[in-house]
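Below is one structure; the comments refer to it alone.
The values are calculated or read from the model by the stated rules, or taken from the named source; none is laboratory data. Quantities reported herein were computed from a predicted structural model and do not represent experimental measurements. Glycine also receives a Cβ, built like all others from the backbone with ideal geometry; neighbour counts cover every protein chain displayed.
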């Protein structure tokens, strides 16, 4: 099996999955594709003709690797940049795992990568400012109560519409994230009986589960879903979505398409 990486200018670059003992996750493959495209574009910006970039090996020669990193650093005026640093790491992995460069070349690539500004670990200033507002207990209380407040508004609707459905989805998404900190990429792909295991009845426990292939750090995740969120999920699946969909004449087969609607709200 092979994947064709092409930026529309350079010759197709083929990555053979069988060359690796463990296949990359689909999300990682998409990231690698974007990184390779960025590397090809950066190299072309330095004057290398696209036709001269025909394989992964052309990206990881010390000369071209240096050109790529220099161009990427120039594009951000020398500032720290997470994507640029991860791009450099990805290229060194490609050099070792796919191109099979020798030890001397590996050492040189690592030396060149060490010149790239390393992004500081931890939250960005923007995210710190955003979270600081919840130092106010009143603001924190409003956040915790928001899902149930939105849900109460949804239940008051006598003739649910598309807007009602969108509000229900936002309530679910916010409620899930408050109690179960998962990435938005995982949130919008949640499905009943694949990730959401809803059990009702006395003493029953419901869980949200993500397999190691679906998360960034390759470690299985599992959360017990709080009762109030379980109740909302049950009502959504059995009543709210069905009634709303009858009125707006469109269907949702899983939580994936449902929670897509609230992603823009959560990213504000």
Checked 225, 182, 178, 229 against criteria (in contact with a helix residue (DSSP H, G or I) (Cβ under 6 Å, 6 or more places away or on another chain) and at pLDDT 90 or above); the one match is 229
Among 215, 246, the single one that is in contact with a strand residue (DSSP E or B) (Cβ under 9 Å, 6 or more places away or on another chain) and modelled with pLDDT under 85 is 215
Suppose the filter is within 20 Å of residue 44 (Cα to Cα), surrounded by fewer than 15 Cβ atoms within 10 Å (Cβ to Cβ) and in the same structural domain as residue 38 (by TED's automatic domain parsing); does residue 88 pass it? no
task: Would you check if there is a residue in the range 193-208 being under 17 Å from the mean Cα position of the chain (by Cα), outside the structural domain of residue 30 (by TED's automatic domain parsing) and under 23 Å from residue 230 (Cβ atoms)?
output: yes
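Residue-wise test of (1) free of Cβ contacts under 8 Å to residues at least 24 places away in the same chain; (2) over 27 Å from the mean Cα position of the chain (by Cα); (3) over 20 Å from residue 131 (Cβ atoms).
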| site | (1), (2), (3) |
| --- | --- |
| 144 | no, no, no |
| 147 | no, no, no |
| 150 | no, no, yes |
| 160 | no, yes, yes |
| 165 | no, no, yes |
| 171 | no, no, yes |
| 177 | no, no, no |
| 185 | no, no, yes |
Matching residues in the range 156-178 (assigned to a helix (DSSP H, G or I) and surrounded by 13 or more Cβ atoms within 10 Å (Cβ to Cβ)) number 16
Apart from one, (1) closer than 21 Å to residue 176 by Cβ; (2) in contact with a helix residue (DSSP H, G or I) (Cβ under 9 Å, 6 or more places away or on another chain); (3) free of Cβ contacts under 8 Å to residues at least 60 places away in the same chain all hold for residue 127; the odd one out is (2)
